[in-house]
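Single-structure report; data block below.
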Amino acid sequence: MNKTAKRLLRRAPKNILLSMISLFCVFPLFWVIVAATNKSVDILRGTLVPGGYLLENWKTLVSTYAIGPALLNSVKYSVVTTFVSLVVSSIAGYGFEIYHDKHKDHVFAGLMLTMMIPFTATMIPLYQMYSKLHLLDTTLGFILPSISSVFLIMLFRQNSRAFPMEIVEAARIDGENELGIFFKMYVPTMKATYAAGMTITFMNAWNNYMWAKLIMSDDTTQTFPMLVANMTSGHYIDYGQLMLAVLISTLPTVIVFFALQRSFVEGMTGAVKG
């Protein structure tokens, strides 16, 4: 037996285990895709073979529910939340590291402690406050609780440690202001970190159901996850169109993740790209 065969034989148990784990992780997505092409009765029977009812499920879904406005609302809320959160969190993370002192360390420690507070503990006070401010059923009301993420601030602060201070000092000597240093030098250098933050924030915003359900009472402002949840509230559930709606709801996050996968890994491991 040659060296290559021996190496493959040693790796066989690990490869088999990883293949089984991969299949276990991919199976739910496969099942949703298959279910979206079948009738409700076939899904309840547990069929795992693609059917020919995808177009029929689509026509039923479109005629029964306003999926267009719900999709547009989710896209709008998610994009705005992602953009604003990245700007605010990156500036905060940059400031904590570049203008470092012990007082800011105390503030940052306080921010980290807030990560231990579950959202359900602050949800009702937030609702009461937003109700008094007339921010219910508004885009601003949706994005404000997510405008700053402690996790993103920590991510940008940690990755900012790899940002060369010599660049900042040289730019200051040349007369560049602080905002110019941030937007012209820091932002292009931290592309991988922004990609990682964009992936996390977009996925969280897109899948945000609890807060959206609380403040979005008007049908014209509901998000796509809310629409999918409403599909299960009737006496009869058409599982074919439900699985098609779940598939549609999953696709944006899958596309964003795979499009930014390499940059996401680099950003989470602290890589800085020029």
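Coordinate-derived values only; no laboratory data. Just so we're clear, the structure is a prediction, and the values are computed from it rather than from any experiment. As a convention, Cβ positions derive from the backbone with ideal geometry for all residues, glycine included, and neighbour counts pool all protein chains shown.
Structure above, values below:
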item: Label point distance in nm, Gln158-Ser63, each placed 7 Å from Cα along Cα→Cβ; result: 5.2
item: Ranked list, fewest to most other Cβ atoms within 10 Å of each Cβ, for Leu135, Leu152, Leu86; result: Leu135, Leu86, Leu152
item: Region 165-260, Cα convex hull volume normalised per residue, Å³; result: 129
item: Cα shape, the chain, gyration tensor, a/c 1.5 rule; result: oblate
item: Partner aspartates and glutamates for Lys213 [C-alpha distance under 12 Å; skip if fewer than 8 residues away on the same chain]; result: Asp137
item: The chain: DSSP helices with Cα axial extent of at least 18 Å and average Kyte-Doolittle hydropathy no lower than -1.0; result: 3-35, 67-98, 102-114, 119-132, 191-206, 239-259
item: Net +/- balance of residues flanking Leu17 in space, Cβ distance below 14 Å, scoring K and R +1, D and E -1; result: +3
item: Förster-model FRET efficiency, 22 Å R0, His235 and Val32, C-beta, rounded to 0.05; result: 0.40
item: Nearby aspartates and glutamates by direct alpha-carbon distance to Lys184 (threshold 13 angstrom, same-chain neighbours under 8 apart not counted); result: Glu176
item: Cα gyration tensor, region 1-113 - rounded (a/c under 1.5), prolate or oblate; result: oblate
item: Set Lys104/Lys191; Lys76/Lys191; Lys59/Lys191 screened for pairs whose C-alpha atoms are more than 30 Å apart; result: Lys59/Lys191
item: Cα-based shape type of region 70-134, given that a ≥ b ≥ c are square roots of the gyration tensor eigenvalues and the cut on a/c is 1.5; result: oblate
item: Net length gained if the chain between Ser217 and Gln261 were fully extended (0.36 nm per residue, minus Cα distance); result: 12.3 nm
item: Mean Cβ count within 10 Å, highest first, over the residues of peptides 176-185, 35-44; result: 35-44, 176-185
item: Magnitude of the charge dipole, the chain, Cβ model with Lys/Arg +1 and Asp/Glu -1, debye to 20; result: 1300
item: Cα centroid separation, region 223-245 to region 24-89 (Å); result: 10
